[in-house]
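First comes the structure, then the notes that go with it.
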Amino acid sequence: MKVRLGDWNLQKVDEINTVSREFVAGEITVAELKAAIEKIDRKVIDFNWPLKILGAGFVSVAPMLLFKATWVDLGYAFFVGIFGYLAAVFSGAHVKTPYVSAGFGGFVVGLLAAALQLSGLATSAGNIIVSALMPLVPGVAITNSFREIIDRNTISGVVRAVDAVIIAGSIGAGVVIGTSLIQILFSQIGG
């Protein structure tokens, strides 16, 4: 038996939880529960592209509020997060090597944030990077790995945790390469 890695559809999880609560409360029968689960399993739930892009931007802005960043940096985090998300999604569609898409998304985020700071447009590349990486961070995978380990599904929990750590490492490597590259370019141009 293989552990399936990848995205989690939290809307399906919510629907399964709702149906299971209805069953426990005696509101539906076993046959109705089975039919509902099969219907949810077959359902393809996806958001349209404009909503995904907008969501990536807003997710990127939230940490900036904690950093008490300037309004300008907050706006940059919105757009850098969108570009990082798009880079990860489009590279993932063309590159079949796992973890490369996350690294490329991190590369774009690091490159853009460092370029904004080095050009004097932004005040804190670090805050922009941390915020703009939020759409790429495997938070659900990390949470589910802990849940599985707590539920004594040790093998699948550890596999998911290792997968999340590799994704995070790929993102970090991409950021380091992107920021280093732009610093080298700016030092050559300026020096």
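The values are calculated or read from the model by the stated rules, or taken from the named source; none is laboratory data. These numbers come from a predicted model, not from an experiment. Using ideal geometry, Cβ is built from the backbone for each residue, glycine included, and neighbour counts are taken over all protein chains shown.
For the reader, a short list of remarks on this structure follows.
- Scoring residue 110 on the criteria (1) of a type in the set (Gly, Ala, Ser); (2) farther than 17 Å from residue 172 by Cα; (3) within 18 Å of the chain's Cα centre (by Cα) leaves a single failure, condition (2).
- Which numbered condition residue 156 fails, given (1) in a helix (DSSP H, G or I); (2) more than 26 Å from residue 57 (Cβ to Cβ); (3) without any contact (Cβ under 8 Å) to a residue 24 or more places away in the chain: (3)
- Whichever residue in region 147-182 is modelled with pLDDT under 95 and surrounded by fewer than 14 Cβ atoms within 10 Å (Cβ to Cβ) and, among such residues, is nearest to residue 105 (Cα to Cα): 162
- The set of residues in region 79-111 being among the aliphatic types (A, V, I, L, M) and either outside the structural domain of residue 58 (by TED's automatic domain parsing) or part of a helix (DSSP H, G or I) (or both) consists of 80, 82, 86, 87, 88, 89, 93, 100, 102, 108, 109, 111.
- When region 115-139 is limited to residues that are touching an Asp or Glu at 6+ places or on another chain (Cβ under 7 Å) and assigned to a loop (DSSP other than H, G, I, E, B), the one that is surrounded by the most Cβ atoms within 10 Å (Cβ to Cβ) turns out to be 122.
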